[in-house]
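The next block holds one structure in the form of structure tokens; read it before the comments.
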Amino acid sequence: GNSVTQMEGPVTLSEEAFLTINCTYTATGYPSLFWYVQYPGEGLQLLLKATKADDKGSNKGFEATYRKETTSFHLEKGSVQVSDSAVYFCALRSAGGGNKLTFGTGTQLKVEL
Amino acid sequence: GAVVSQHPSWVICKSGTSVKIECRSLDFQATTMFWYRQFPKQSLMLMATSNEGSKATYEQGVEKDKFLINHASLTLSTLTVTSAHPEDSSFYICSATGQGALNTEAFFGQGTRLTVV
């Protein structure tokens, strides 16, 4: 079956530091890949997505590249802010699987001044 | 963008009672809605998928008599936790997809924190 593996958190960074949150997946075919962000007490918001190999999703300074050869979709940001503190979920949607998503366990990010 | 609203945001109920959670698509027709459960410090686990006007499809291990899902209209789905017990305490989140361009991603509600005492 499908699965998503994320690095465990929490990740604590100073403001303006570089962020990487690793995500690898297992799926048949060519899934679509997503990063969602969950701020405290809120639901999930789509941060970025990529639908085919070598696509790069980007939004709000975050980016992730769909790497088929390494089955990865690592999230990066060059300079984090305190307002980026949240839980980040990597997810996949299998080809032909409708909109059913498989999520990773989430990685909590804390950004300090 | 497409907006999904859940109500209530949080609820506390006594053990043995039932609780209903609503999920509404505010500005689009939600042909499919999904219900997830999130345990503390864990990922979201899909509970069931519902299509408007038909019975929900439950994931393996989810008790359909315990978690009643109704998707009677294109803008509303409800999840009723029947005879709730403390182990049902969790964060429940719904998501919805529509037609055409609104079928390319799932739009999430803000979630409902259920505490059973």
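Each principal axis of the Cα cloud of the range A:1-47 was taken in turn, and the coordinate range along them, longest first, works out to 39, 23, 16 Å.
By the beta carbon rule, with partners counted only under 4.7 Å, chain B holds these lone Cys residues: B:Cys13.
Binning all Cα-Cα separations of the protein assembly as shown at 10 Å, short to long from zero, yields these whole-percent fractions: 8, 32, 35, 20, 5, 0. Note on A:Thr20: accessible area approximately 50 square angstrom, rounded to 10, probe 1.4 Å, nucleic acids and ligands left out.
Here chain B is treated as an ellipsoid with the same Cα gyration tensor; its semi-axes, largest first and in whole Å, are 23, 14, 13. Within the same chain, lysines fewer than 8 places from A:Lys100 are excluded, and of the rest, those with a Cα less than 20 Å from its Cα are A:Lys49, A:Lys52, B:Lys55, B:Lys64.
Placing +1 at every Lys and Arg Cβ and -1 at every Asp and Glu Cβ, with all other atoms neutral, what dipole size does the protein assembly as shown have around its Cα centre, in debye to the nearest 20?
Values: 19 positive and 20 negative charges, 89 e Å.
Around 420 debye, computed over the protein assembly as shown.
Protein heavy-atom surface of chain A, 1.4 angstrom probe: 47% of the accessible area is carbon and sulfur, with nucleic acids and ligands not counted. Projecting the Cα atoms of A:Tyr36, A:Thr51, A:Gly104 onto the dipole axis of the range A:17-113, where Lys and Arg carry +1 and Asp and Glu carry -1 at the beta carbon, places A:Thr51 farthest toward the positive end. Per the Debye formula on identical point scatterers at the alpha carbon atoms of chain A, with no solvent, log10 I(q)/I(0) at q = 0.17, 0.24 Å⁻¹ is -0.75, -1.40. Its Cα centre serving as origin, the range A:1-105 has a Cβ charge dipole (Lys and Arg +1, Asp and Glu -1) of approximately 460 debye. For the range B:1-61, the Kirkwood estimate of hydrodynamic radius, built from reciprocal distances between every pair of different alpha carbons, is 13.7 Å. What do you get for Rg/Rh over the range A:54-113 if you use C-alpha atoms and the Kirkwood form of Rh? A ratio of 1.01.
The values are calculated or read from the model by the stated rules, or taken from the named source; none is laboratory data. Since the model is a prediction, treat every value here as computed from it, not as a measurement. When we count neighbours, we look across all protein chains shown, and the Cβ atoms used for this are built from the backbone with ideal geometry, even at glycine. Each accessible area value is taken on the protein alone, full model and side chains, heavy atoms only, with ligands, DNA and RNA left out. Shrake-Rupley method; radii C 1.70, N 1.55, O 1.52, S 1.80 Å.
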